Amino acid sequence: MGRMWGEEDVSGARGVGGTGEAGGVGGTIGVLVVDDDFRVARVHRAYVERVAPFRVVGVAGSGEQALSAVDALRPDLVLLDLYLPDVFGLDVIPRLRTAGHDCDVMVVSAAREADAVRGAVRHGVVDYLLKPFDFEDLRGRLERYAAQRGMLRDTVVRGQADVDRVLAGAAMSVPTVPSGLRRLPKGMSAETAGLVERTLREAEGSLSASECARLTGVSRVSARRYLEYFHAVGAAEVSLRYGATGRPERRYRSVGAGRGVVSGGGRA
């Protein structure tokens, strides 16, 4: 069997998850990337490393390597491809549970078959992202996972309402207004989120980040970050507009007009 992870992965793991406490060092969320194509794995690793508080603790290229890597590195989250050279990716999950590992699993795969999606749901994956995807697609899902992970960790169950809130978070439902206000990612303000959301809901058709920035007065970078957040929580949908040259333009449209995710915002 080939090398399970590179030397740079091992050195990175020692400071993050190599002790079996990937999620316990400074709030870091340790991630294992599983993909049989080392070039794709390298791209996914680079994506993850750009999103705080995530840190890649290792890379595996097969199901057996993934199982060994989880044993050694104890990641909090596994980014799991399904088309692996030795086993179908979903078959790795019950083997992880049998071995006593409770790490979360996010499927990142080109598998579009309904059976694969249903199987992933039955195995309790936290998300299912179709390849190919870009950085923004993954970042939104990672940020949503981090917020839900924090909510589950901090929840105190006093009654049915608390149980319902936990289950809703696990099902990745759109947050209620109070939850959305509490769980905005670090560096985002409720006022600016409210402004961007209202602008999106009131727009005729879809908006690009540049158009949203012009209408709200915030920078294009900020507008795109808030728009991607609304996409991640299910309050906006994204379409691509292809021009003659260059990368396609991402356009955002409000989902469920009239039902705000964030309220009470003013101009930031």
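The values are calculated or read from the model by the stated rules, or taken from the named source; none is laboratory data. In this text the structure is predicted, and so the values were computed from the model without any measurement. Cβ: placed from backbone, ideal geometry, glycine included. Neighbour counts: every protein chain shown. In case anyone asks, the SASA skips ligands and DNA or RNA and just uses the protein heavy atoms, side chains included. Shrake-Rupley method; radii C 1.70, N 1.55, O 1.52, S 1.80 Å.
When the Kirkwood hydrodynamic radius is evaluated over all pairs of different C-alpha atoms of the range 22-135, what value in angstrom, to one decimal, is obtained?
After inverting the pairwise mean of 1/r, the radius is 13.9 Å.
May I ask you to order 36-47, 137-148 by the average number of other C-beta atoms within 10 Å around their residues, highest value first?
Values: 36-47: 16.4, 137-148: 21.6.
Averaged packing, sorted descending, gives the order 137-148, 36-47.
Leaving out ligands, DNA and RNA, what percent of the accessible area of the range 31-86 is carbon and sulfur, probe 1.4 Å?
51
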